[in-house]
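Structure first, commentary second.
The values are calculated or read from the model by the stated rules, or taken from the named source; none is laboratory data. The structure presented is a predicted model; accordingly, all values stated were derived computationally and were not measured. In this analysis, Cβ positions are derived from the backbone assuming ideal geometry, glycine residues included, and neighbour counts consider all displayed protein chains.
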Amino acid sequence: MKCTLHGARLVDASGDLPSGDLRFDGANITDAGAALTVPEGAIDATDMIVMPGFIDVHTHGGGGRNLHTADPAEIGAYARWAPSTGVTSFLVGVVGTPGSLPEAQLAAAAAAIEHREDGAQPLGIHLEGPYINERRRGAHLPSWVRTPDTAETERVLALSRGHLRIVTLAPELPGASAMIRRLADAGVTVSLGHSDATYEQALEAISLGVTHVTHCCNAMRPLLHRDPGPLSALSESPTVFGEVIVDGVHVHPAMVRVLLKLVGPERMIIITDALAGAGTKDATFEFGGQSARVIRGAARLADGTLTGSVLTMEQALRNVMRMTGVTLSEASGMLARNPAHAARVADSKGLLQPGYDADVVVLDQALTLHATYCRGELAFASDAWRVRASISDVTAL
């Protein structure tokens, strides 16, 4: 569709323009700059904030849908729900399966990516495990854990059909070094996570090709004064990005501020690590065949183990602003620009610039989401935005 958002505050990682126009025609942004005259047919957005759509590179589902599934239609249903949280693109989160590779889940993810429908765009696959340290497995079952193997690396790449974007692994495991090198050579972002790696082992892994750290502080060796662990290695490695879950449960707000000082807004990536229960009123749902329950804003397994979150990305924006005091431009970098780098799409997503994909969110001054455009198509709209944009065909949303 052709659209002009007139007079909005335009914010992305490169700047903050108090009043400007954003135009897109079809799937791409055609112009972004200072507001001059009101174009014919423009939507008045003078009291609104326009930002790049959020990119969630670590999620397992939401809206009652699981991404770790053998059914591509379930991933498609998630993609249609996700814009209601400001997500315009995401990685399909796949975890382990008992005693084998998650072949059916990888096949379903690849099929959903290749035959995507409306809504948020599945950019690729984030394989979290099964090459993780059992000591730091978190909610991952022991039967899912596997040892890195050269032949199995090739099998994972083949099953993913060129759609593998991030692999989380524990670099201290036997055979992990060869896997890191092979994945990096294949253009996959390799992430340290669910790991008991020491500071020295983490630095070695980074030298081999690790450029990402999965949910910092969670399921890893902690930061201690005589055992600094992987977080210190991250802080000293300017090419490595670090994820953080800002639900206020997985990581204390004070520690979020510490992490921000360690890596800076240029290298922090906000994620949800959300499960199917995110954005729903259901207290019980499933994660990888395990029953999970929401208890005081956190998802836990039956034994009380903290598992993925029920956080949504538009709430994550408000949380990180409140927790850290970063600028809105810096927050945009953490929710859009930085994850675009991790997902290998930074040349087309994450900024409000001509030629970039028209993935856009519209928020009010309280950072409440009012509209989400995915590749130029309106995928979510509040009642107020429908009125403002003169939308009559509400059944299409």
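Could you please find all residues in the stretch 247-284 being closer than 21 Å to TRP81 by Cα and in contact with a strand residue (DSSP E or B) (Cβ under 6 Å, 6 or more places away or on another chain)? It would help to see each step written out before you state the result.
We begin by selecting, within the stretch 247-284, every residue closer than 21 Å to TRP81 by Cα; these are 247, 270-284.
Of everything in the stretch 247-284, those that are closer than 21 Å to TRP81 by Cα and in contact with a strand residue (DSSP E or B) (Cβ under 6 Å, 6 or more places away or on another chain) turn out to be ASP247, ILE271, THR272, ASP273, ALA274, LEU275, ALA276, GLY277, ALA278, GLY279, ALA283, THR284.
In this structure, does VAL294 turn out to be in contact with a Leu (Cβ under 8 Å, 6 or more places away or on another chain) and either in the same structural domain as VAL213 (by TED's automatic domain parsing) or modelled with pLDDT of 95 or more (or both)?
Working: in contact with a Leu (Cβ under 8 Å, 6 or more places away or on another chain): no; either in the same structural domain as VAL213 (by TED's automatic domain parsing) or modelled with pLDDT of 95 or more (or both): yes.
So VAL294 fails the test.
Go through the stretch 203-222 residue by residue and tally those that are aliphatic (A, V, I, L, M) and either at pLDDT below 95 or more than 23 Å from the chain's Cα centre (by Cα) (or both). Full working, then the answer.
First, pick out the residues of the stretch 203-222 that are aliphatic (A, V, I, L, M): 203, 205-206, 208, 210, 213, 219-220.
Among the residues that remain, those that are also either at pLDDT below 95 or more than 23 Å from the chain's Cα centre (by Cα) (or both) are: 203, 208.
Number of matching residues: 2.
Would a scan of the stretch 196-209 turn up a residue that is closer than 19 Å to VAL95 by Cα, surrounded by 23 or more Cβ atoms within 10 Å (Cβ to Cβ) and touching a residue at least 24 places away in the same chain (Cβ under 8 Å)?
Of the stretch 196-209, the ones closer than 19 Å to VAL95 by Cα are 196.
Checking the rest, the ones that are also surrounded by 23 or more Cβ atoms within 10 Å (Cβ to Cβ) come to none.
Taking every residue of the stretch 196-209 in turn, none turns out to be closer than 19 Å to VAL95 by Cα, surrounded by 23 or more Cβ atoms within 10 Å (Cβ to Cβ) and touching a residue at least 24 places away in the same chain (Cβ under 8 Å).
List the number of the failed condition for PHE380; all other conditions in (1) surrounded by fewer than 23 Cβ atoms within 10 Å (Cβ to Cβ); (2) among the hydrophobic types (A, V, I, L, M, F, W, C); (3) touching a helix residue (DSSP H, G or I) at 6+ places or on another chain (Cβ under 6 Å); (4) assigned by TED's automatic domain parsing to the domain that holds ASP44 hold.
The number of the failed condition is (1).
Would you point out which residue out of LEU397, LEU335, LEU378, LEU351 is under 20 Å from MET48 (Cβ atoms) and modelled with pLDDT under 95? Even if it seems obvious, please write down each step before you answer.
Working: LEU335 fails: modelled with pLDDT under 95; LEU378 fails: modelled with pLDDT under 95; LEU351 fails: modelled with pLDDT under 95.
After applying the criteria, what remains is LEU397.
Please report, ordered by residue number, the strands (runs of 3 or more DSSP E) entirely within the stretch 271-374 with at least 1 residues that are without any contact (Cβ under 8 Å) to a residue 24 or more places away in the chain and not acidic (Asp, Glu). Explain how you work it out, then say what you get.
Values: elements: 284-287, 290-295, 298-301, 360-363, 369-374.
Output list reads 284-287, 290-295, 298-301, 369-374.
What's the number of the condition LYS261 fails, among (1) surrounded by 21 or more Cβ atoms within 10 Å (Cβ to Cβ); (2) more than 20 Å from PRO339 (Cβ to Cβ); (3) of a type in the set (D, E, K, R)?
Condition not satisfied by LYS261: (1).
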